[in-house]
Amino acid sequence: MDFPDTQIPDTAAFLDDPQRLPLEIDPEQRQGPALFRWLTLAMEHVIAALLLALIISVSVNVVGRAVFNNSVPWADELARMLFIWLIFLGAAAAFARFEHIAVDILVRRLQPRAAHMLYLLQHVIIIVLMGVIIWGGFLVMSRASGQTAILNVPWNLVNVSFVLCACFIGAVSIWRAWKSIQQIRSPNATPNAGGGC
């Protein structure tokens, strides 16, 4: 059976939403506010270090159990704390790069002004949710006075990861809401690639 010699379509057309270009934060292309670009890169480097430490911590425990028939109790606790930090820093960095799963079929079909009205609604909802999370996180941190069982690390060192994630996502959402308002007011304006506010 012969198959026709056809070109594979460029997937970028399916993955990139041209409507959200003004809202992008891309450190490599120097797009978006410098503070957010710098923080995104810093988080990604910290994520890499946390992942390495997590692998080492889990490996130490596996080797201890398998080879020496004795588990290392602090390794489990350390791995749990590293994993929590990894989750929240990863969520914040993914949000900055628009890498969270989204269904954007509707936004892609809308005119720029209508698309940015939806983006504005989305980011206003995110801002409200992050405000609730920050408030709740500070309540939890103000009431948490304990330490972990083995390493005696204060629980607030773990809890602060949640609040920092919410603060970053909230700040990025405020910037994106503002950029959406600008796009609604003048939809034909082209975003500047050097991108501050």
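The values are calculated or read from the model by the stated rules, or taken from the named source; none is laboratory data. The model shown is predicted, which means the values in this text are computed figures rather than measured ones. Using ideal geometry, Cβ is built from the backbone for each residue, glycine included, and neighbour counts are taken over all protein chains shown. Just so you know, the surface numbers come from the protein's heavy atoms only, side chains and all, with ligands and any DNA or RNA stripped out. Shrake-Rupley method; radii C 1.70, N 1.55, O 1.52, S 1.80 Å.
Brief remarks on what is shown
Okay, residues lined up against (1) closer than 29 Å to Asn156 by Cα; (2) of a type outside the set (A, V, I, L, M):
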| position | (1), (2) |
| --- | --- |
| Asp17 | no, yes |
| Leu51 | yes, no |
| Ile56 | yes, no |
| His100 | yes, yes |
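- Taking residues in segment 49-75 that are more than 18 Å from Leu86 (Cβ to Cβ), and partners anywhere that are in a helix (DSSP H, G or I), the pairs with Cβ atoms closer than 8 Å and at least 6 places apart or on different chains are Gly64/Ala75; Asn70/Gly64; Ser71/Asn61; Ser71/Gly64; Ser71/Arg65; Val72/Val60; Val72/Asn61; Val72/Gly64.
- For the residues Ser145, Ser180, Ser161, Ser173, the requirement of being closer than 27 Å to Ser57 by Cα, of a type in the set (Ser, Thr, Tyr) and modelled with pLDDT of 90 or more singles out Ser161.
- Criterion applied to Val72, Val60 was being open to solvent by 40 Å² or more (accessible area, probe 1.4 Å) and of a type in the set (A, V, I, L, M, F, W, C), and the one residue passing it is Val60.
- Residue within segment 134-143 that is among the polar types (S, T, N, Q) and farther than 16 Å from Leu23 by Cα present: yes
- Under the condition of being among the β-branched types (Val, Ile, Thr), farther than 28 Å from Leu121 by Cβ and open to solvent by 20 Å² or more (accessible area, probe 1.4 Å), the residues counted in segment 137-184 number 4.
- Evaluating Phe88 against the criteria (1) open to solvent by less than 40 Å² (accessible area, probe 1.4 Å); (2) within 14 Å of the chain's Cα centre (by Cα) leaves one unmet condition, (1).
- Residue match in segment 38-45 (condition: closer than 18 Å to Gln19 by Cα, of a type in the set (S, T, N, Q) and touching a residue at least 12 places away in the same chain (Cβ under 8 Å)): no
For (1) in contact with a Gly (Cβ under 6 Å, 6 or more places away or on another chain); (2) assigned to a loop (DSSP other than H, G, I, E, B); (3) open to solvent by less than 80 Å² (accessible area, probe 1.4 Å); (4) at pLDDT 80 or above, each residue gets a yes or a no:
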| site | (1), (2), (3), (4) |
| --- | --- |
| Met1 | no, yes, no, no |
| Asp10 | no, yes, no, no |
| Leu21 | no, no, no, yes |
| Glu28 | no, yes, no, yes |
| Phe36 | no, no, yes, yes |
| Leu50 | no, no, yes, yes |
